[in-house]
Amino acid sequence: MSVQSSRPTGVTKTDYTRTPKEAWLIVALLFLFMLINFADKAVIGIAAVPIMQELQLSPRQFGLLGSSFYLLFAVSAIITGFIVNRVQTRWALLVMGLVWALTQFPMIGTVGFAGIMACRIALGAGEGPAYPVALHSTYKWFPNELRTLPTAIVAQGAGVGIMVALPLLNWVIVHYSWHWAFGVLGLAGLAWTAAWLALGREGPLTAASAADVAPIPGRIAYGQLLLSPTIIAAWCASFGAQWGLSQALSWQGAFLIKGLGFTQGSIGLLGALPAGASVVLVIAAGWCSQRLLAHGASSRMARGIFGGACVALGGATLAIMPSVAGIPVKIALTTIGVALPSVIFVIGNAVVSEIAPVAQRGALLAIGTAFSTSAGLLAPYVMGSVVETAATPLDGFNTGFMICGVIMLIGGVIGMALMRPERETMRWAGEMPAAAAGSA
C-alpha cells in the first residue's frame, strides 16, 4: 500500500474539541457564498419561459442552454481542487466570487442564444469548485466529529439561496425584465467578494496540525482513493441527487407554467418550495446524523445507510409522481423528491472527508463534485428532449421525472450498500488486514 505519514516529529497534541467563534463567522460567510451560488444557478429556471419566448427557443434548445452551465463545471472543479491542496482557500474563494459577478453583467443588455450560453459556460467554470472549496475551507475549522452541522449550514446556503432569491428574482422579472434578474445577482456577487476580502480567514486545521488527530496516513495513493467502494458509493448517490437538482434548477419554472398551468407572476414561491423543504430536511438530517455519531452509532449507519436511504426515498417519490392525479399532490411529490436527496450533499462529503487525508481532501472533494455534477450535463437536455417529443408538455415532464426517480433509486441503493467509512479508515491506518477489511 502506497501511504506516507505526515505526522511531524515532536508535535504537541492539540485540543480541537472547542470551536472558536471565528469559525462560525466563516461558516456564515460561506453560507452566503453558497446562497449566491445557487441563486446564480436557479435564475435560468425561473426565467425559462420569458427567455424561451424572447429568443424563440424550443424545449430542446433551452435544455441545451441549461446543460451548458456544466460544460466546464467538472474540469474547473478538479483543477481548482488540486490547486487548493497548495493554495489557501481564502484566495480561491475570492477569485470565484469575482468571476461570478463579472459573468452576470453582460446579461443586462441585448443578448442572444450564443451570448447567454457563453456567459453560462463561464459562470459554470467559476462555480464548479464552489461547494468542495467551501467545504474544504469549513473543514479547516472543525474536526471530523464536529463537521456534520457546519457542513449542513454551509450546504443550506443553496436551499436558502433558491428559497429567498427566486421570489425576489421573479418579482424583478415581472416588473423589469429577466435581464435585470441577472444584473441583481452580479451586484450581490460583488458585495460578497468585498465582505470576504475583509473578513475571510484560513482555518487552523491544516495537514500538519491535523496529523495529531487523524487516524489515517498523511497521504494515500490516488488510485486507492478513487477505487474506494465507500467513495464511489458516496459519489453515485450524489450523482442521483444532482440529476434531480440540475433538472429542477433548469425546468421547475417551465414545469409549473407549461405543465401545470400557472402564470409567471405566481411561480416565485411555488418554485422555491423544493429549496425550502431542503433547508429543513438537510439541517435536520445533519443534526440527526451528528447526534447518532455522538451516541455511538457507526458512521456506516449514521452517514452511509441514512444518506443513501434519503436519496432512494426521494427517487421513489419522483418515480410514482406521474401516476398520481391532482396538481397539489404533484407539487408535493416533486418537492419531496427533489429536496430529500439533497441530504447526501452534506453526508456524502462528510464521509469522504472522514476517510481522506487532509492534504488530499480538497482534490478528492473536487473530483467527487465533478463526478456528481456531470449529471447536470445530461439532466436538463434529457428533460428538454422528452418534453419536445411528448404529446403534451405535462406528459413530457412526467416522463422526465420518472427517469430522474429511477436514477436516484439506483444511486441511493448503491450508497446504502457500499458506504462503509470505518472499514476504509481501519484499512488505510494499517489496523485491519485487507482481506478482513473486504469482508467488514
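Computed quantities for the displayed model
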| read-out | value |
| --- | --- |
| Tally of Lys pairs whose C-alpha atoms are under 26 Å apart, taken over the chain, 8 or more apart or cross-chain | 6 |
| Per-residue [θ]222 nm for the chain (sum of -39500 (n - 2.57) over DSSP H runs n ≥ 4, rounded to 500) | -23500 deg cm²/dmol |
| For a label point 7 Å along the Cα-to-beta-carbon line of W24, residues of the range 130-168 with backbone N under 16 Å | 141-143, 146-154 |
| Assigned charges on the beta-carbon of Lys, Arg, Asp, Glu; the chain dipole about Cα centre (debye) | 580 |
| R291, R303, R361, R86 arranged by Cβ crowding within 10 Å, fewest neighbours leading | R86, R291, R361, R303 |
| Three-way shape label, the range 333-375, alpha-carbon gyration tensor, a/c 1.5 | oblate |
| Sorted by Cβ density within 10 Å, fewest first, the residues L293, L226 | L226, L293 |
| For the range 247-365: rounded, prolate or oblate by the Cα gyration tensor [a/c cutoff 1.5] | prolate |
| Computed over the chain, the ratio Rg/Rh where both radii use C-alpha atoms and Rh is Kirkwood | 0.97 |
| In nm, spacing of pseudo-spin labels at A194 and L227 (7 Å Cα→C-beta vector) | 5.2 |
| The range 158-165 - phi-based ³J(HN,Hα) in whole Hz, Karplus 6.51/-1.76/1.60, Gly and Pro as x | 5, x, 5, x, 6, 5, 7, 6 |
| With at most 15 neighbouring Cβ atoms within 10 Å, loop GluC sites (Glu not before Pro) (DSSP) excluded, longest segment of the chain | 203-430 |
| The range 402-419 - phi-based ³J(HN,Hα) in whole Hz, Karplus 6.51/-1.76/1.60, Gly and Pro as x | 5, 4, 4, x, 5, 4, 4, 4, 4, x, x, 5, 4, x, 4, 6, 10, 6 |
| Phi to ³J(HN,Hα) by Karplus 6.51 cos²θ - 1.76 cosθ + 1.60 over the range 229-234, Hz, x for Gly, Pro | x, 5, 5, 4, 5, 4 |
| Relative exposure of I407, I108, I162, judged by other C-beta atoms within 10 Å (fewest first) | I108, I407, I162 |
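No value in this document is a laboratory result; all are computed from the given coordinates. Note that this is a predicted model, so its numbers are computed, not measured. Glycine gets a Cβ as well: all are built from the backbone with ideal geometry, and neighbour counts include every protein chain shown.
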